[in-house]
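Notes follow once the structure below has been shown.
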Amino acid sequence: MLLAEERWLNNPVVENQLLEAVLETLYMTLATGFFTVLFGLPLGVLLHNLGPKGLNPMSPLYRALSLVVDFGRAVPFIVLMLWIIPFTRLIVGTAIGWEAAVVPLTVGAIPFFARMVENSLREVSWGKVEAVRMMGASDLHVTWNVLLREGLPGIIGGLTITLVTLISFTAMAGAVGGGGLGQLAINYGYNRYQADVMLICVILLVVIVTAVQYTGNFIARRLDHR
Amino acid sequence: MIELNEVSKVYPGGVTALNSVNLHIPAGEIHGIVGRSGAGKSTLIRCLTGLEDVTEGQISIDGVDLTAARGAELIAARRSIGMVFQHVNLLDSRTAAKNIAHPLEIARVPKAERRRRVAELLELVGLSDRADNYPSQLSGGQKQRVGIARALAAEPGVLLCDEPTSALDSTTTRQILELIGQLRDRLGITVIIITHEMSVVREICDAVSLLDEGSIARSGPLLDVISDRSSPLSKELISLPPTSALQPGAQLIEVLLTESGTIGHFGDLFSLLSRNGLPTRVEAGSIETIQGRQVGRLHIRPEDSSTAQKTLQVLTDAGLHAELTTAAALETEAGLKEEEA
């Protein structure tokens with residue numbers, strides 16, 4: 001009993017690997033978040049503008065794009081990760097480590113985030129779009145100054161949800177060598193029965209998720225003048 | 001000056017939204033366009049603003065043919081029309097000042113010039129102290145003032161208002177209409193107001209057009225349109241309360257009184273009738289002052305039904321617009337109207 005108590009938190013795993021695991025989880029989330037916005041935002045804008053309520057409705061192109069996005073959303077993440085290993089190797093040179101995990105995480109998150117963006121843009125009232133079009137604005141101007149600017153609080157909300165989902169996916173990536181808190185929890189907390197490691201991982205993951213959610217809500221609220 | 005010449009719009013699928021519309025609106029006029037929903041009002045707006053191409057005919061504003069304009073020319077033509085919307089359509093992410101500056105940004109007006117114009121416009125609509133407020137911090141009337149200022153930013157020759165007061169209460173409505181009237185007087189701008197509220201037409205319009213099934217059914221100066229008793233628009237502009245308490249067969253005489261007639265006001269009317277020994281009862285009446293002149297409509301009932309014809313004769317001889325009708329006919333008319341609504 002006493003022995004066990006002494007081992008709590010004095011665990012060398014906590015001392016030596018915890019900080020690195022936390023950093024890996026943060027890196028994975030941030031890097032994936034960055035690339036998801038980089039590719040997902042334009043994809044979302046494209047989906048909206050080609051869609052039935054967009055600036056340039058093009059039905060066949062929209063349906064084709066929609067199909068690809070839905071396909072990406074339908075493949076379970078764990079399967080996607082294993083399936084695209086050759087692609088991951090092509091890009092990062094390896095399939096192990098947090099850098100490698102960023103590739104499948106990004107591929108999985110892009111369609112998810114793109115739909116969120118599409119939804120946020122659809123909620124911008126058409127009247128605002130027409131009002132600005134009547135001023136002689138180009139489609140690019142309308143997209144940037146009306147759709148994206150008016151839809152921004154919604155897009156930030158969508159990004160927050162995407163990031164929170166991503167954090168839980170980083171843990172799944174940990175199961176197959178992706179690193180981070182998820183891997184620590186599986187390797188030590190689960191396989192070696194070290195309950196303290198498990199508990200700390202859970203608490204830290206909850207703290208990170210809460211921080212992301214809080215920050216997201218705060219920014220969205222600051223930007224929202226409705 | 002706005003000129004519509006044989007304008008038609010047929011949508012793909014064969015729906016004719018506008019059918020040979022001819023309209024001439026001189027500079028500085030406030031022109032009301034009324035019509036039921038589905039009459040083509042929205043299509044007319046979309047064609048006027050160049051958001052929609054017309055199928056046939058020309059629309060020209062100050063001599064510039066809007067229908068022939070393309071590209072940069074079309075964009076310049078769009079700027080000659082400022083648009084005011086029922087739901088204002090301000091951007092929630094911009095302050096009042098930034099919303100007003102928006103058309104100027106699009107027109108690439110330099111920043112210093114922009115700031116000067118915005119201050120002027122805020123002053124013009126009486127919102128100088130609200131420059132940095134977001135739309136959510138403004139009342140409905142204030143939002144519409146910002147909307148009007150924004151519409152005027154690019155110094156258009158035409159202000160096109162689509163149901164500008166339909167979402168506002170009656171006091172705010174009056175203030176906004178007053179503002180539009182002042183702006184016309186100060187800037188000499190031509191105003192088109194599309195509305196379903198006859199009170200808006202009565203209060204502010206110089207001329208009115210009735211759009212029905214895609215065509216202009218009646219158009220002219222307000223008093224002329226009202227004086228034309230055969231026009232349904234006249235009855236809507238000066239409308240009478242129902243006389244449902246009467247027996248369906250009861251005979252009524254409808255009298256339209258305009259100061260242009262030989263009989264100037266209702267007092268003369270009743271003394272004329274009593275001089276002829278024709279006592280009558282007023283069952284319903286409505287009197288409005290339009291452009292400084294009194295205009296009214298009455299339903300009078302001869303006390304003795306056998307004298308109805310004679311009463312009618314006396315009124316017609318005096319140069320008044322009078323016609324015989326029955327309570328039943330009026331009720332059918334009212335019933336039809338309700339069904340349409």
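The values are calculated or read from the model by the stated rules, or taken from the named source; none is laboratory data. These figures come from a predicted structure and were not determined experimentally. Every residue, glycine as well, gets a Cβ built from its backbone with ideal geometry; the counts of neighbours run over all protein chains shown.
Summary of computed values
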| read-out | value |
| --- | --- |
| Members of region A:88-139 found to be more than 12 Å from chain B (Cβ to nearest Cβ), under 28 Å from B:His87 (Cα atoms) and among the small types (Gly, Ala, Ser), listed by number | A:Ser120 |
| Filtered residue count, region B:4-18, keeping only those that are out of contact with any Lys or Arg (no Cβ under 8 Å at 6 or more places or on another chain), surrounded by fewer than 18 Cβ atoms within 10 Å (Cβ to Cβ) and not aromatic (Phe, Trp, Tyr) | 8 |
| Given (1) farther than 22 Å from B:His87 by Cα; (2) surrounded by 21 or more Cβ atoms within 10 Å (Cβ to Cβ); (3) touching a residue at least 24 places away in the same chain (Cβ under 8 Å), number of the condition A:Ala185 does not satisfy | (3) |
| Of the criteria (1) at the interface with chain A (Cβ under 10 Å from one of its Cβ atoms); (2) of a type outside the set (Val, Ile, Thr); (3) surrounded by fewer than 16 Cβ atoms within 10 Å (Cβ to Cβ); (4) farther than 25 Å from B:Glu6 by Cβ, which one B:Ala112 fails | (1) |
| Odd one out for B:Gly40 among (1) at pLDDT 90 or above; (2) on the phi > 0 side of the Ramachandran plot | (1) |
| Hits in region B:77-95 (condition: outside any loop (DSSP other than H, G, I, E, B), more than 8 Å from chain A (Cβ to nearest Cβ) and touching a Pro at 6+ places or on another chain (Cβ under 7 Å)) | B:Gly82, B:Val84 |
| Test: residue in region B:54-75 that is within 27 Å of the chain's Cα centre (by Cα) and within 13 Å of chain A (Cβ to nearest Cβ) | yes |
| Tally, over region A:149-174, of residues that are facing chain B (nearest Cβ under 10 Å) and crowded, with 19+ Cβ neighbours inside 10 Å | 3 |
| Index of the failed condition, A:Ile91 passing every other in (1) assigned to a helix (DSSP H, G or I); (2) free of Cβ contacts under 8 Å to residues at least 12 places away in the same chain; (3) more than 30 Å from A:Arg222 (Cβ to Cβ) | (2) |
| Failed item, numbered, when B:Ile194 is tested on (1) buried (at least 21 other Cβ atoms within 10 Å of the Cβ); (2) over 20 Å from B:Gly35 (Cα atoms) | (2) |
| Answer from B:Ala107, B:Ala76 - the residue that is free of Cβ contacts under 8 Å to residues at least 60 places away in the same chain, more than 18 Å from B:Glu178 (Cβ to Cβ) and crowded, with 17+ Cβ neighbours inside 10 Å | B:Ala107 |
| Check on B:Ile33, crowded, with 16+ Cβ neighbours inside 10 Å, within 11 Å of another protein chain (Cβ to nearest Cβ) and among the hydrophobic types (A, V, I, L, M, F, W, C) | no |
| Subset tally (residues that are surrounded by fewer than 18 Cβ atoms within 10 Å (Cβ to Cβ), among the hydrophobic types (A, V, I, L, M, F, W, C) and touching a residue at least 40 places away in the same chain (Cβ under 8 Å)) for region A:94-144 | 2 |
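Table: residues versus (1) of a type in the set (D, E, K, R); (2) at pLDDT below 85; (3) over 30 Å from the mean Cα position of the chain (by Cα); (4) surrounded by fewer than 17 Cβ atoms within 10 Å (Cβ to Cβ).
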| position | (1), (2), (3), (4) |
| --- | --- |
| B:Val255 | no, no, no, no |
| B:Glu259 | yes, yes, no, yes |
| B:Thr262 | no, yes, no, yes |
| B:Ser271 | no, yes, yes, yes |
| B:Gly277 | no, yes, yes, yes |
| B:Ala284 | no, no, no, no |
| B:Gln294 | no, yes, no, yes |
| B:His299 | no, no, no, no |
| B:Glu303 | yes, yes, yes, yes |
